[in-house]
Amino acid sequence: MSLALVVGVLVAGGTFLVLQRGMVRIAFGFVLLGHAANLVLLSAGGAARRGEPLLSIADLATAADPLPQAFVLTAIVIAFAITIYMLTLAGAGEGDDDTEDRR
Amino acid sequence: MVLPLVLSLLILVAVAAPVLDRFVGRAAGWLLAVIFLALGAVLAVEAPRIITHDEEIEFSAPWMPAIDVLFDFRLDGTGLLFVILVLGVGALIMGYSARYFSRGKHGDYYFLMALFAAAMFGLVVADDVVLLFVFWELTTVCSFFLIGRTGHSANQPAIRTLLLTVAGGLALLGAVITMIVHIGTSRLSVILADPAWQEDPAFATTAGVLVIVAAFTKSAQFPFHYWLPDAMAASTPVSAYLHAAAMVKAGIYLLMRFSPALADNVTWNVLLIGVGLLTAIMAALFALQRHDLKELLAYSTVSQLGFLVAVIGIGTPGALAAAGVHTLAHALFKATLFMLVGVIDREVGSRDIRRLTGLRRVMPITAGLAALSALSMAGVPPLLGFISKEKLFASYLEAPGPAMVGPLVGAVAVVGAILTFAYSFRIVYGAFGGPTTQTRLREPSLVFLLPAAVSSIAGLVLGFFAGWLDPLIDRVVLDTRGTPGEIHLGLWHGVAPELYMSVVTIAVGVVLFLRREFIDRLLDRRLFPVTGVQVFERCHAAAITFGARVAELTRTFSPARHLAVPFVVLTAFGMGALLTGVRVPAFPEPVTRPIDWLLMALIAGGTVGIVLTRSRLAGLALLGVIGFVISLFFFILGAPDVGLTQLLVEVLTVVVAVLVLRRLPRSFHPTGALRKSVAAGVALLAGGAAAVGTFAFTGRREISGAGEYFLQEAEEETGGTNVVNTILVDFRALDTLGELTVLGLAGVVILAVLEVNGLMGGDRSPQAARYIGTPIGSPTGNTILARTVGRWLAPLLVLLSLYLLVRGHGEPGGGFIAALVGGAGFALAYLSASSAQAAPIRWPYVGLIAGGVGVATLVGVLGFGDGGFLRPLHADIPLFGGGYYHFSTALLFDIGVYLAVIGVTVTALNRLGVEDVPPGREAGDRRSDPDGSVAAEPDEVREPDSRYETTESLPGSGGRR
């Protein structure tokens, strides 16, 4: 329930931001949407089991599913690369980061 | 074994050619010629087996076993005929190239020519249709680059040629798929022997037409004929090899190859005979109009290919024999003529017969060789061309269908042959006849003429000893018609219809030559209202216009409009799914804990804030807050590696964002109330759907089977105890490698964007002037804290990152986390430097990224040592004082990850942290900025560093606008 609500809040915030004007806000929106997607992945693994999947200390009965964690880990790094790419676009070129023709 | 051996040697030669070129220069051509001949000799050892014993050389090895595609090679008589062209003419052209080109670097030329030879060889020995298609396309690609390398003027012809031949390649792909689906195998020899060709006319005609389209594009038949003259933009050796002797014969090869399956198909007969003869006559007329010898030869090639296509369409054993002989004869005389035109071009500096005159006196050997080849082309005894033309005539008379078809086809062919005779003489007379004006010209060196002499004289010798070819041609007939040929080639066949046809051809041809001025006047007009190139260009332009029209429907420069569509559609889908009433299982255990609600509240607060704020810096700060809470959430969910990664990414994101934000206005762009409410509506719906969806569809199960497996087996299989890390670098390393490539690419793209656009200038606010003279205003003064701390912290962070890297397999850590910690170290070092110039990172970032991806890939290749790509190798290294260190190549893979991530981070820091607008961009540009904050500042402020503005624009001051 809590994860689902967090996902909802993040998706709503992210969606609002990407529909605004200016590259920086779009980039921020994507970061929030990325958080939401990552949490959905972890939630899919099951939020009931919350033990670390470290075999040196883990109790296999309660250890969390490691597979979504691996997905999320790579997803975070890719999202990072995309974020800095979008920020580069925001900082590149003339004028400011406006994404629309000024009327 | 000999077939893949020759093929791989040819590929090897291609790769080695640039190296050879570097050491011996253009003489590399001679070396390649010798190698081609040696490879030919290797095959010649096997040839008697094929020719006299009706055997084939075969080879088979798995390629894509899952779809039953094999490296199937098979050399029969037909293949051998074309191999002789590829290697024999190839050797001559290579030798010719050694003199044709001026001294200098021609590595790319020799590479492409040898690669083309390999592709062409593969094409004619492939016994798998997929393989055949791959080699077919490879010849197209080689042709494209060989035309394109000539220079700027060759760009358009190269592109036209490519588009057209690739379209034909698509037709071949269509044929390949049709055949595989219908017959159930990709093996060519099995497909051709299948009864479906006779029993299922619909299939036979469909596949046949696709094969015909492919062959017509490759062999330049109407309406695709115009690409070949276009391709004459390539250098002469390329024209001689690809566009006369070898590549354009690929279409002929394909038609001969499919002859056993399709020779009795009426569509096949009609299309090949009709289009072939039409092309033959049309192109011959064009040839008579041309003054550029090379262009003339190109149309002549189109015309001769038309004769070949038509005779294959006849489909009798005699016709296929004629096709075989004429393919060989044409390769010999046409390669010679091209080479000699190249010689004339080099020696005289022109190829225009209006400017060339009387060269026979100054270049008698060249003239003699050219005349010999032209006579062969004209079909004059005792040359090989005469024999093959007689064979063609005899075959045309056998055309299938009503009784009158044979004589009709024969008559049309005679007209084509008369025109051939006329343009052959036009070539010789145009260049060598008439008064000699340029008496100072000399014969070129004999070495330059040698290759042309070989092929020219071969045409003469084979004319007298045509019987030598009988066994080979017999075998070709057996391959293409399934019956022994009983072919006897010779100059004299007794008084037969084809002899009368030859007599008529030569007699009328002589008359046409004598009345050449009348003919020239007659043909000095446009025969057709449009040229092929014009038609192509119009279609091309129309396709692009149509694409633009379609794109117009959705084109807008506002990303919000594009982004709104998926959100609305996805939300609608989600709501639809919920409304249909999905039944979901119950949660096996409670999934929510009290602390979740605290984090949830923090995230919600941050999100509301970031949505409402108009200050960019406040937005960034709130984004950081949300990110940190999310990483806390990851820790609480039992994902320490993920949490660490998120934490570090958050730090670096903020650093990078600050570097960008300082260049931008302080507040976000204002948007209207309507837009805000629409966006809010969409956002609330999307958020609601996401929340309900997540609640309904996730987590309502026990641990996944895969997760269970990894938990159980990770230590046993990989020796690592950090299961997440073992998944990343071991179990699913291929995913990680792919991800790494994306990451590296993002870094490269960032560089590319900044290379093209540059960064906008820094935002120098007038308030900065207030601090001049104080420590805050001094770039060295205001970083004193950061520098003092950074001096020992930054190296420590880098050390820590190395430690995290090494321990990652067992404890939280690994390549990603380690690299992000290292990146944070670099960020600190960067931020504590007094100016961008003083920043201590001057690393070759592209090298780092490429090195990282390279290391990871290399480790993957090492895995082949243990049975598969990316399979880690293990070793237990004994330590001093007992015990073992468990070493796995997964660690090396992780080092690749580490390097790539560091590379991307350093790229962003360094390229976004640069101080000033790049050269070529006026600083005055900023004046047009709505911000309008450019001020004429004292000199000291001219060189402020990045921290300066950041300090200046703390949240709070952002609200001033």
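Tabulated values for the structure
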{"quantity": "Accessible area, probe 1.4 Å, largest first, for residues B:350, B:677", "calculated": "B:677, B:350"}
{"quantity": "By average C-beta atoms within 10 angstrom, highest first, the peptides B:440-447, A:33-40", "calculated": "A:33-40, B:440-447"}
{"quantity": "Order of exposure, largest accessible area first, which applies to B:492, B:843 with probe 1.4 Å", "calculated": "B:492, B:843"}
{"quantity": "Percentage relative contact order, chain B, counting C-alpha pairs under 8 Å, at least six apart", "calculated": "8 percent"}
{"quantity": "The stretch A:29-103 and the stretch B:717-738: distance between their alpha carbon centers, rounded to Å", "calculated": "19 Å"}
{"quantity": "Per-residue mean of C-beta atoms belonging to partner chains within 10 Å, peptide B:899-910", "calculated": "2"}
{"quantity": "Compactness of chain B, expressed as Rg and Dmax over alpha-carbon positions, Å", "calculated": "37.0, 113"}
{"quantity": "Ordering of B:698-707, B:528-537 by burial proxy (mean other Cβ atoms within 10 Å per residue, highest first)", "calculated": "B:698-707, B:528-537"}
{"quantity": "Residue-averaged [θ]222 nm for the protein assembly as shown, counting only DSSP H segments that reach four residues, each worth -39500 (n - 2.57)", "calculated": "-22500 deg cm²/dmol"}
{"quantity": "Accessible area of the stretch B:315-422 belonging to carbon and sulfur atoms, whole % at 1.4 Å probe", "calculated": "65 percent"}
{"quantity": "Relative packing of B:589-595, A:52-58, B:813-819, which averages over residues the other C-beta atoms within 10 Å, highest first", "calculated": "B:813-819, A:52-58, B:589-595"}
{"quantity": "Shielding by partners - mean other protein chain Cβ count within 10 Å, residues of B:715-722", "calculated": "2"}
{"quantity": "Chains B and A, summed buried accessible surface - 1.4 Å probe, Å², nearest 100", "calculated": "8500 Å²"}
{"quantity": "Greater than 18 Å apart at Cα, pairs in B:105/B:334; B:105/B:249; B:218/B:389; B:294/B:334", "calculated": "B:105/B:334; B:105/B:249; B:218/B:389"}
{"quantity": "Listing of the stretch B:591-609 residues, each with accessible area lower by at least 40 Å² in the full protein assembly than in the chain alone (probe 1.4 Å)", "calculated": "B:591, B:593, B:597, B:600, B:607"}
{"quantity": "Solvent-accessible area per residue, Å², over the stretch B:263-529 with all protein chains present [probe radius 1.4 Å]", "calculated": "38 Å²"}
{"quantity": "Tilt relative to chain A, helix A:23-45 - C-alpha long axis, 0 to 90 degrees, to 10", "calculated": "20 degrees"}
{"quantity": "Accessible carbon and sulfur surface of the stretch B:1-112 relative to its total accessible area, %, 1.4 Å", "calculated": "71 percent"}
{"quantity": "Shape metrics for the stretch B:263-529, restricted to C-alpha atoms - Rg then Dmax, Å", "calculated": "18.5, 60"}
{"quantity": "P(r) weight above 20 Å for the stretch B:368-460, C-alpha pairs, percent", "calculated": "51 percent"}
{"quantity": "Peptide-level mean, for A:25-37, of C-beta atoms on other protein chains within 10 Å", "calculated": "6"}
{"quantity": "Heavy-atom accessible surface of the stretch B:495-645: percent carbon and sulfur, 1.4 Å", "calculated": "73 percent"}
{"quantity": "Gap separating the Cα centres of the stretch B:194-210 and the stretch B:550-611, nearest whole Å", "calculated": "53 Å"}
{"quantity": "The stretch B:263-529: relative contact order as a whole-number percent, Cα under 8 Å and 6+ apart", "calculated": "25 percent"}
{"quantity": "Amide H partners (placed H, <5 Å) of residue B:225, local residues excluded", "calculated": "none"}
{"quantity": "For the protein assembly as shown, alpha-carbon Rg and Dmax in angstrom", "calculated": "37.0, 113"}
{"quantity": "Between the stretch B:1-50 and the stretch B:282-310, the alpha-carbon center distance in angstrom", "calculated": "32 Å"}
{"quantity": "Amide proton proximity set for residue B:887, modelled H, under 5 Å, gap of 5+", "calculated": "B:875, B:876, B:877"}
{"quantity": "Pairwise Cα inverse-distance average, inverted: Kirkwood Rh of the stretch B:557-619 (Å)", "calculated": "15.8 Å"}
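The values are calculated or read from the model by the stated rules, or taken from the named source; none is laboratory data. Keep in mind that this is a model prediction, so the values were computed, not measured. Every residue, glycine among them, receives a Cβ derived from its backbone with ideal geometry; neighbour counts consider all protein chains shown. Accessible surface is based on the protein model in full, side chains and every heavy atom, while ligands, DNA and RNA are left aside. Shrake-Rupley method; radii C 1.70, N 1.55, O 1.52, S 1.80 Å.
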